[in-house]
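Heads up, the thing below is written out as structure tokens.
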């Protein structure tokens with residue numbers, strides 16, 4: 001997955017769609033994975049690929065609802081490599097696509113795009129983006 005993966009707002013990626021079963025995502029990715037609960041309260045385990053740079057999150061009945069990318073994964077949106085940008089560059093790019101994006105001390109969330117950005121030092125000059133998450137419609141409603 002070190003090749004570019006184009007994100008599809010609120011739908012998934014060019015290779016995976018929200019609503020896909022865990023079995024079908026494993027068939028598509030065809031790579032080794034590790035399955036584990038990311039937090040003690042997680043209902044279902046996530047699948048980690050590419051040595052922990054791509055995480056697939058599922059909801060009952062074991063269907064894909066979100067995907068998180070960290071380096072060296074290469075998520076893109078409209079052809080732009082998101083993890084290659086500084087937080088400030090990425091924030092400006094996202095705001096052009098969704099002026100209603102919500103800012104937090106450690107990143108931003110765009111409900112319109114179904115996209116979250118995690119940058120632990122978002123308030124600092126030159127802050128780096130640690131991860132990008134894409135999620136299904138209604139992800140934050142449950």
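Things worth noting here:
- Being without any contact (Cβ under 8 Å) to a residue 24 or more places away in the chain, in the same structural domain as residue 128 (by TED's automatic domain parsing), in contact with a strand residue (DSSP E or B) (Cβ under 9 Å, 6 or more places away or on another chain) and crowded, with 20+ Cβ neighbours inside 10 Å holds for only one residue in 108, 90, and it is 108.
- Test result for residue 62, modelled with pLDDT of 95 or more, under 26 Å from residue 43 (Cα atoms), in contact with a strand residue (DSSP E or B) (Cβ under 9 Å, 6 or more places away or on another chain) and assigned by TED's automatic domain parsing to the domain that holds residue 13: yes
- Filtering region 50-68 for residues that are more than 18 Å from residue 139 (Cα to Cα), crowded, with 20+ Cβ neighbours inside 10 Å and in contact with a helix residue (DSSP H, G or I) (Cβ under 6 Å, 6 or more places away or on another chain) leaves an empty set.
- Per the listing 101, 127, the residue uniquely more than 16 Å from the chain's Cα centre (by Cα), free of Cβ contacts under 8 Å to residues at least 60 places away in the same chain, at negative phi and buried (at least 18 other Cβ atoms within 10 Å of the Cβ) is 127.
- Test result for residue 95, part of a strand (DSSP E or B) and free of Cβ contacts under 8 Å to residues at least 60 places away in the same chain: no
- In region 103-140, the residues that are closer than 18 Å to residue 46 by Cβ and assigned to a loop (DSSP other than H, G, I, E, B): 114, 130, 136, 139, 140
- Matching residues in region 10-39 - criterion: being within 29 Å of residue 98 (Cβ to Cβ) and crowded, with 17+ Cβ neighbours inside 10 Å: 10, 12, 13, 16, 18, 20, 25, 29
The values are calculated or read from the model by the stated rules, or taken from the named source; none is laboratory data. Note that the coordinates shown come from a computational prediction; the quantities given were computed from them, not determined experimentally. Using ideal geometry, Cβ is built from the backbone for each residue, glycine included, and neighbour counts are taken over all protein chains shown.
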